[in-house]
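To start, the structure itself, in structure tokens.
The values are calculated or read from the model by the stated rules, or taken from the named source; none is laboratory data. Remember, predicted model here, so these are calculated numbers, not experimental data. Positions of Cβ are generated from backbone atoms using ideal geometry, with glycine treated the same way; all protein chains shown enter the neighbour counts. Surface accessibility is based on the protein's heavy atoms, side chains included, excluding ligands, DNA and RNA. Shrake-Rupley method; radii C 1.70, N 1.55, O 1.52, S 1.80 Å.
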Amino acid sequence: MRSENQLSLSRLRAYLKHMFGLDRSISFTILGRFWTATASILTLLLIAHYLSPNEQGYYYTFNSLAALQIVFELGFSFVILQLAAHERAMLTFLPRGRIEGNPIALSRLASVLQKAVRWYFVAGVLMALTLIPAGQYFFAHLRTQDPSVRWSLPWCLLVLATMLAFQIDPIFSFLEGCGFVEQVAHRRLVQA
């Protein structure tokens, strides 16, 4: 029975790949996008139902200000992906995490990862040090501030969570550049 199910699942995968060009990487990416869209709609419904209009204003303002992380990212994830892919072309990834090939390319690949993680750490700290006080100032000086809304701790926690999620970006970009597209797509689906 189990082998029949595996066989039919295997046939379904082969059919989808042949008809639509869907491999596991693309499937995980599509599922991630679908889940993000579905979760966004559910979140909107929950916000409209459970939050007061003033709380909704804070929620949407929080998201807008937290989106400023893109200023700190500066498109470096695409650069990291390209650099890693360029160096990976001269290397062979073996089981158990071993890498063989051109020692200069290996050194440059390691350097890309080290510098990317270092830059994103510094940018994440700068982001937190900028957004926390900016948000505190912004929300404290709102003319329509509602004293019943406790926004300070949630704001700080949102910025810190955004900073931590920001730290994952260079690692995912690096791994995608090294050819681990399916694994990264799966992790992004789980993360979403």
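Got a number for residues in the range 17-36 being surrounded by 10 or more Cβ atoms within 10 Å (Cβ to Cβ) and either of a type in the set (Gly, Ala, Ser) or closer than 15 Å to ALA192 by Cα (or both)? Full working, then the answer.
Here is the first cut: in the range 17-36, the ones surrounded by 10 or more Cβ atoms within 10 Å (Cβ to Cβ) are 17, 20, 22-36.
In the following step, the residues that additionally are either of a type in the set (Gly, Ala, Ser) or closer than 15 Å to ALA192 by Cα (or both) were identified as 25, 27-36.
Count: 11.
Which residues, taken from the range 94-111, are surrounded by fewer than 14 Cβ atoms within 10 Å (Cβ to Cβ) and not in a loop (DSSP other than H, G, I, E, B)?
Matches in the range 94-111: PRO95, ARG96, GLY97, GLU100, PRO103, ILE104, SER107, ALA110, SER111.
Here's a check for you: in the range 144-192, which residue that is among the charged types (D, E, K, R) and in contact (Cβ under 8 Å) with a residue 40 or more places away in the chain is surrounded by the fewest Cβ atoms within 10 Å (Cβ to Cβ)?
The qualifying residue surrounded by the fewest Cβ atoms within 10 Å (Cβ to Cβ) is ASP146.
When you look at THR43, is it closer than 29 Å to ARG13 by Cα, open to solvent by less than 60 Å² (accessible area, probe 1.4 Å) and modelled with pLDDT of 85 or more, yes or no?
On the way: closer than 29 Å to ARG13 by Cα: no; open to solvent by less than 60 Å² (accessible area, probe 1.4 Å): yes; modelled with pLDDT of 85 or more: yes.
No, not satisfied.
Show the residue pairs that are 6+ apart or on different chains and have beta-carbon atoms under 6 Å apart, the first residue being within the range 48-70 and touching a residue at least 24 places away in the same chain (Cβ under 8 Å), the second being open to solvent by less than 70 Å² (accessible area, probe 1.4 Å) and among the hydroxyl-bearing types (Ser, Thr, Tyr).
ALA66/THR162; GLN69/THR162
Quick check on PHE78: is it in a helix (DSSP H, G or I), in contact (Cβ under 8 Å) with a residue 12 or more places away in the chain and open to solvent by less than 50 Å² (accessible area, probe 1.4 Å)? Write out each step before concluding.
On the way: in a helix (DSSP H, G or I): yes; in contact (Cβ under 8 Å) with a residue 12 or more places away in the chain: yes; open to solvent by less than 50 Å² (accessible area, probe 1.4 Å): no.
So PHE78 does not fit the description; no.
Residue by residue through the range 28-45, note down the ones that are without any contact (Cβ under 8 Å) to a residue 40 or more places away in the chain and under 28 Å from PHE172 (Cβ atoms). Quick ask: steps written out before the conclusion?
Going through the range 28-45, the residues without any contact (Cβ under 8 Å) to a residue 40 or more places away in the chain turn out to be 30, 33-34, 37-38, 40-45.
Scanning the range 28-45 gives ILE30, ARG33, PHE34, ALA37, THR38, SER40, ILE41, LEU42, THR43, LEU44.
If you scan the range 84-93, which residues turn out to be assigned to a loop (DSSP other than H, G, I, E, B) and either farther than 12 Å from GLY177 by Cα or of a type in the set (Phe, Trp, Tyr) (or both)? Walk me through it before giving the result.
Residues of the range 84-93 assigned to a loop (DSSP other than H, G, I, E, B): 89-90.
Passing the criteria: only MET90.
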